[in-house]
Amino acid sequence: MLDEERIFAGSNLLRLRNPAKFQNTMNVAGASYLCSSWCRNFNNDAVLVEASPSYFSGYVYRTQYGNPGEILESGFHLTASRCEREELFQRLCGAQGGNTFNSGILTSICASFSSYSLMSKVPATLVYGHNRNLTVHTYLIDATEFKGFAIPCTCPLDPIVMQFPYLREICEVNFPNIIPGFKIVGIVFPAKIGHSRNTYWPPRLSRLLLAVNPHYLANFGYGGEEKKGIRAARVVAERFNKKGE
């Protein structure tokens, strides 16, 4: 298992310097968004679906507590569901008021929202109380080869949604498949607070640090060479740092 000293070593860190992209991965090369027919009930802010769901492929984030070395190796796994197939589909695509009920692998296209959404749900006593060894990290996932259900926010007046208005259209991406460890690019965190503090991120970020997963594998073009670890992550960082587009 990877140890944290190796993961967060200075030689294993890359910089993401373009907030327009790391706060909205729809702007990063490799993203694909297929928008379908959503409608909203403005009386109670509920999200409704009348037709087929929307889909997203690209780079996404997932914030989760646990051993980072273990997660980078094993990835994210699905929780067994006892509901019927049609009910499961309704949950996965967010057709029930935008709620997924912990079905699938829930991610976000916004780095700050990913951290905010988990930290607002995890009880402070769990993070800061009896279990002081609990660590929370935000993982950057290469889901350019997967297709997840794109779900709008359920609370459009939430302060972080007001800060990033595009979250009203696509806030979370829910994957019905496992995310293997070799598709996790690494762990992102604000340089000013470091990687070991379980806390909210600063409201305005100019850059993030990326601690690279040495198991990450990617091929960035048809018939191209497969890259691994920091060689592959450098290509991802270039996509995030590129201006324009």
Spin-label point model (7 Å from Cα, Cβ direction): what's the ARG15 to PHE89 distance in nm? 4.8
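Hey, can you find the accessible area per residue of region 140-245 for me, probe 1.4 Å, expressed in square angstrom?
Values: 5020 Å² over 106 residues.
Normalised by residue count, the accessible surface of region 140-245 is 47 Å².
Once neighbouring chains are kept in place and the probe is 1.4 Å, which whole percent of the accessible area of region 131-245 is contributed by carbon and sulfur? Don't jump to the answer; show the numbers that get you there.
Values: 2920 of 5480 Å².
Here carbon and sulfur together make up 53 percent of the probe-accessible area.
Quick check on my link table: of LYS147/LYS183; LYS147/LYS228; LYS183/LYS243; LYS21/LYS242; LYS21/LYS147, which ones sit more than 18 Å apart, alpha carbon to alpha carbon?
Details: LYS147/LYS183 14 Å; LYS147/LYS228 22 Å; LYS183/LYS243 25 Å; LYS21/LYS242 9 Å; LYS21/LYS147 20 Å.
Over 18 Å apart, Cα to Cα: LYS147/LYS228; LYS183/LYS243; LYS21/LYS147.
Order the peptides 147-160, 3-16 from the highest to the lowest mean number of other Cβ atoms within 10 Å of their residues. Numbers along the way, then the final one.
Working: 147-160: 19.0, 3-16: 14.5.
Result, highest mean Cβ count within 10 Å first: 147-160, 3-16.
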Evaluate the charge dipole of region 144-201 about its Cα centre and quote only its size in Debye, nearest 20, assuming +1 on the Cβ of each Lys and Arg and -1 on the Cβ of each Asp and Glu. 200
A chain fully extended from LEU78 to GLU169 at 0.36 nm per residue, minus the present Cα-Cα distance, gains in nm 30.2 nm
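The values are calculated or read from the model by the stated rules, or taken from the named source; none is laboratory data. Please read these numbers as outputs of a predicted model, since none were measured by experiment. All Cβ positions, even for glycine, are placed from backbone atoms using ideal geometry, and neighbour counts span all protein chains on display. Heads up: the accessible areas ignore ligands, DNA and RNA and are worked out on the full protein's heavy atoms, side chains in. Shrake-Rupley method; radii C 1.70, N 1.55, O 1.52, S 1.80 Å.
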